[in-house]
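K.L.:
Please find one structure pasted underneath; my questions will follow.
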Amino acid sequence: IQTALQWVLTSAPQKAPKCKKVGAVDAVIPSADRYPNENRFLHGVRAWAGKLADKPLRPAQRKNKSLVNTLMENNSIGRGVIHSVSMKTLNKKTGGKYLGQYKALETVLYAATHSKEQALDYEAKQFGELLVTPEAKNQIALYYLDDGMKKVEKKTGFAKDKIPQIKKVGVIGAGVMGSGIVHYFANKGFPVAVKDITQEAVDKGIGMVQAEFKKKKSNDEATIKKKMALVTGGTTDDIFKDCDVIIEAAVEVMSVKKKLLQALEEAKILDGKKLFATNTSSLSLTDLQSVSKYPATVVGMHFFNPVAKMPLVEVIKGKQTSNEAAAAIFNLAVKTAKKPIIVGDAPGFLVNRILGVYMAEAGRLAINDRADPHTVDKALLKFGLPMGPFRLLDEVGLDVATHVGPVLENGLQSKRFAVAGQINEMVKDGFLGKKNKKGFYRYEGEKAVGINTSVTSKYLGASPDTNFPAQEIVDRCILLMVNEACMILSEGVASTPEDVDIGMVWGTGFPPFRGGLLQYADHRGLQNIVDRLTQLQEKTKDDRFKPAQLLVENAKANKRFFPTRPFAPYGERSGFPDVKKF
């Protein structure tokens, strides 16, 4: 039971030898050929099957349980312990928001005390109940979103054989982001050349790539050596001569990016065929293109940090970016198992713009309304986000937030993105967040261990309101995100509601059980959202809550963002699901 639960509840892949050891498979047959045309696996299967041919057909004999497993699983007390431990683990990991794991636990425990036929019937019933839940419908919708983004021809308008193929990647910048990009492509089998100002910086970056490979336990020395052989580095542009795309991951300063682009063109490295892809998170592609001889080949490829873990890539089109260039970057992202969306050139693009209004509102809740930062984070964690806005600020870096905020505020001419003066003051005093272990949270090593009340008292004010209503926190932060998404769609920055939800789920961790930001809006009801935003606008006397025109029009027309999906509105759940004991 314990092994079955571990496998079922985590869905983690298991290696073949381990499967044989626990009796889940009958044989493990080597698959790698030792010499050309050996067909080792085929001959191994034939040999194994041949041994069975003359034997009577009977179920395979499984190994007897260990004494510990027998004591734990063959009596109600032991199974009760397994039930209790499993429930604690599920409650901690899912927050009670994902029902499937709880149903699976109940099904496995039932099977341990009933016949095979009864267990299969019970499993079918549990599955049937799950299949019609809003959580299932939402996650099925996300499956189709994920599957749809892999259809490169449909997403880009080009047949695969017409899209320029990228075989080697260049990266400018060997810092944290640059080395992350280098590691990512080398791990996917792409040769990568990385450049920085000094050889010391290059060596340090390549060292970070190697350290990242070593973190994975399954990577033996031979595997690491093979992957590191794909990585080359240097301090001159010559290393990019045979690269098909050069990804710029330098500092987020436009003048620097322009100089790098111009230097590559002057050196004849960029010749109108190779692509220049900037990893900018907020700067204008169109502005960058203004200094290029080949603006059609300048495109954005915005990775999210950490690159190895964050699946989203924003493919950004400036005014002169060719469709072929965008298609090539989109296809590269798909080939390397990223989740790409094509977005237009506008401040913050899609994800950072929506996150910008969300985090700015959290700041106003704490500073203007005296809401306790821990209370704010707790409310949004309960909503289903992976972390609250203050913890997110620490993770992103307060210095990054104070840089991006003005880009959004000035570029979109709106105070709804304004960064509070207190946050700027924190940065001036050296509070950068997790990167230097000085932020809204206290840290023990890399782990956040609670709000730093001395910091919040000094900069946000003492005696915050710990009873600030959770629903108002959710409404003010989440509904502003919905409103911003509607403006992004109206402006053509994102083409479809699907792109918005891909960006929010795979770029920010918006709760999958809710199906995405705009799926949440459909389920809550667009008229309900318009009414609530209007109430907040009147209460605060601030037009940042003014409902977006698209939202108002869709509500008036009773039009959903996803009209063809089964409509099974998610209902808020409290507490944790019950699991029967057997």
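Since every read-out is calculated from the coordinates, none of them should be taken as a lab result. Since we're looking at a predicted model, the values are computed, not measured. Here the Cβ positions follow ideal geometry from the backbone for every residue, glycine too, while neighbour counts run over all protein chains shown.
K.L.:
Determine the relative contact order of the stretch 248-333: mean sequence separation of Cα pairs under 8 Å and six or more apart, normalised by residue count, in whole percent.
P.N.:
Relative contact order here is 25 percent.
K.L.:
How big is the convex hull of the Cα atoms of the stretch 475-582, per residue, in Å³?
P.N.:
131
K.L.:
Here is a follow-up. The stretch 211-288: which trypsin sites (Lys or Arg not before Pro) are DSSP loop and have at most 15 other beta-carbon atoms within 10 angstrom?
P.N.:
Lys216, Lys217, Lys241, Lys268, Lys273
K.L.:
If you average the C-alpha positions of the stretch 475-509 and of the stretch 330-386 separately, how far apart do those two centres end up, in angstrom?
P.N.:
10
K.L.:
Also, I was wondering about something else. For the stretch 1-117, what number results from the quotient of the Cα radius of gyration and 2.2 N^0.38 Å?
P.N.:
Here the Cα radius of gyration is 1.40 times the empirical estimate.
K.L.:
Testing the spin-label approximation: label points 7 Å from Cα along Cα→Cβ at Arg34 and Asp531. State their distance in nm.
P.N.:
For Arg34 paired with Asp531, the spin-label model returns 7.5 nm.
K.L.:
Continuing with this model, one more query. Using a Förster distance of 60 Å, how high is the FRET efficiency between Ala308 and Ala53, based on the Cβ-Cβ distance and rounded to 0.05?
P.N.:
0.80
K.L.:
Turning to a different aspect of this structure: Among Val482, Leu408, Met72, flag the residue with its Cα farthest along the positive direction of the charge dipole of the chain, charges on Cβ as +1 for Lys/Arg and -1 for Asp/Glu.
P.N.:
Met72
K.L.:
Moving to a separate point now. Quick one: net charge of Ala174's neighbours, Cβ under 10 Å, K/R +1, D/E -1?
P.N.:
My count for the surroundings of Ala174 gives -1.
K.L.:
Moving to a separate point now. For a quick protection proxy, order the peptides 157-170, 487-500 by their average other-Cβ count within 10 Å, most packed first.
P.N.:
Top to bottom by mean Cβ count within 10 Å: 487-500, 157-170.
K.L.:
Now, a different point. Could you tell me the center-to-center distance, by alpha carbons, between the stretch 80-120 and the stretch 152-211 in angstrom?
P.N.:
If we compute the Cα centre of each part, the gap is 43 Å.
K.L.:
Output the Cα-based Rg and Dmax of the stretch 379-527 in Å, rounding Rg to one decimal and Dmax to a whole number.
P.N.:
Using the Cα atoms of the stretch 379-527, the pair Rg, Dmax is 16.6, 46 Å.
K.L.:
Oh, and also: For the stretch 243-354, what does the alpha-carbon gyration tensor say about shape, rounded, prolate or oblate, given a ≥ b ≥ c as the root eigenvalues, a/c under 1.5 as rounded, and a/b over b/c as prolate?
P.N.:
prolate
K.L.:
Of the listed values (i) 51; (ii) 38; (iii) 47, grab the one calculated as percent of Cα pairs over 34 Å apart from the structure here.
P.N.:
Computed from the coordinates, percent of Cα pairs over 34 Å apart corresponds to (i).
K.L.:
Ok, one more. Translational D (Stokes-Einstein, µm²/s) of the stretch 90-247 at 10 °C and 1.306 mPa s when Rh comes from the Kirkwood sum over C-alpha pairs?
P.N.:
My calculation gives 79 µm²/s for D.
K.L.:
Using a Förster distance of 25 angstrom, determine the FRET efficiency expected from the C-beta separation of Lys268 and Gln199, and round it to 0.05.
P.N.:
For R0 = 25 Å, the calculated efficiency reads 0.60.
K.L.:
Multiply the residue separation of Lys116 and Glu572 by 0.36 nm, subtract the distance between their alpha-carbon atoms, and state the gained length in nm to one decimal.
P.N.:
The Lys116-Glu572 span can extend by a further 160.6 nm.
K.L.:
Another question, then. At what distance in angstrom do the alpha carbon centres of the stretch 416-430 and the stretch 22-36 lie from each other?
P.N.:
For the stretch 416-430 versus the stretch 22-36, the Cα centre distance is 58 Å.
K.L.:
Here's another thing I want to ask about it. Expressed in nm to one decimal, what extension gain is obtained for the pair Ala211 and Ala24 from 0.36 nm per residue of sequence separation less their Cα-Cα distance?
P.N.:
This chain segment gains 63.9 nm when fully extended.
K.L.:
Show that you can apply the helix-only estimate: for the chain, add -39,500 (n - 2.57) for every DSSP H stretch of four or more residues, divide by all residues, and state [θ] at 222 nm to the nearest 500.
P.N.:
Estimated from H runs of four or more residues: -16000 deg cm²/dmol.
K.L.:
Once fully extended, how much extra length lies between Asp369 and Lys541, figured as 0.36 nm per residue of separation less the alpha-carbon to alpha-carbon distance?
P.N.:
Between Asp369 and Lys541, full extension yields an extra 60.5 nm.
K.L.:
I've got another one for you. With +1 on each Lys and Arg Cβ and -1 on each Asp and Glu Cβ, how big is the dipole of the chain about its Cα centre, in debye rounded to the nearest 20?
P.N.:
Here the chain has a charge dipole of around 2000 debye.
K.L.:
Ok, one more. Rounded to the nearest angstrom and ordered from largest down, what semi-axes does the equivalent ellipsoid of the stretch 58-167 get from its C-alpha gyration tensor (root of 5λ)?
P.N.:
Ellipsoid semi-axes (Å, largest first): 41, 19, 16.
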